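Chemist: Below is the structure I would like to discuss, written out as structure tokens.
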Amino acid sequence: MSASTDVYLEGLERQDFAEEFAVGAGILRRCEWHVGFYYQDSWDLEPMYRKAAWLFKRGEISSRLFDGQKDLTDTLKAVVEEAPFECPRCEKLRTEG
Ligand SMILES: [Zn+2]
């Protein structure tokens, strides 16, 4: 029971880290109205991968969270690919209004 909880929490941390990183790299954008919602703002992922690889090599990204550079970039890729093109709540408001 506790083991699966740990894995779940670790997954959240990785997800949170990847989201923050993608926001910092200008790939994802936070909705200014809805806390915790992100959408994709750029499609050029190469600069983000390069920055991630560089920081990981320098040890500035915790290897506790990521098994290696590929694990890190795979997580970033997944977060960006899962992000909508528009904040889902804004879209809902817009289509209902
Ligand atoms: Zn929104």
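The values are calculated or read from the model by the stated rules, or taken from the named source; none is laboratory data. If you're wondering where the values come from, they're calculated on a predicted model, not measured in any experiment. Note that we place each Cβ from the backbone using ideal geometry, even for glycine, and neighbour counts take in every protein chain shown.
Chemist: Do you know which of the residues in the stretch 3-47 that are of a type in the set (A, V, I, L, M, F, W, C) and over 17 Å from GLU81 (Cβ atoms) is farthest from the ligand (Cβ to nearest atom)?
Modeler: ALA3
Chemist: Same structure again: Out of GLY24, GLY36, GLY59, which single residue is at positive phi and modelled with pLDDT of 90 or more?
Modeler: None of the others qualify; the one that does is GLY59.
Chemist: Could I ask something else about it? Is it fair to say ARG50 is in a helix (DSSP H, G or I), more than 16 Å from the ligand (Cβ to nearest atom), basic (Lys, Arg) and in contact (Cβ under 8 Å) with a residue 40 or more places away in the chain?
Modeler: Answer is no for this residue.
Chemist: Here's another thing I want to ask about it. List pairs: first in the stretch 71-97 and closer than 13 Å to TYR39 by Cβ, second away from the ligand (no atom under 16 Å from the Cβ) and in a helix (DSSP H, G or I), Cβ under 7 Å, 6+ apart or cross-chain?
Modeler: Matching pairs, first to second residue: VAL79/GLN15; VAL79/ALA18; VAL79/ALA22; VAL80/ALA22.
Chemist: Is at least one residue of the stretch 86-93 within 10 Å of the chain's Cα centre (by Cα) and within 16 Å of the ligand (Cβ to nearest atom)?
Modeler: For the stretch 86-93, residues within 10 Å of the chain's Cα centre (by Cα) and within 16 Å of the ligand (Cβ to nearest atom): absent.
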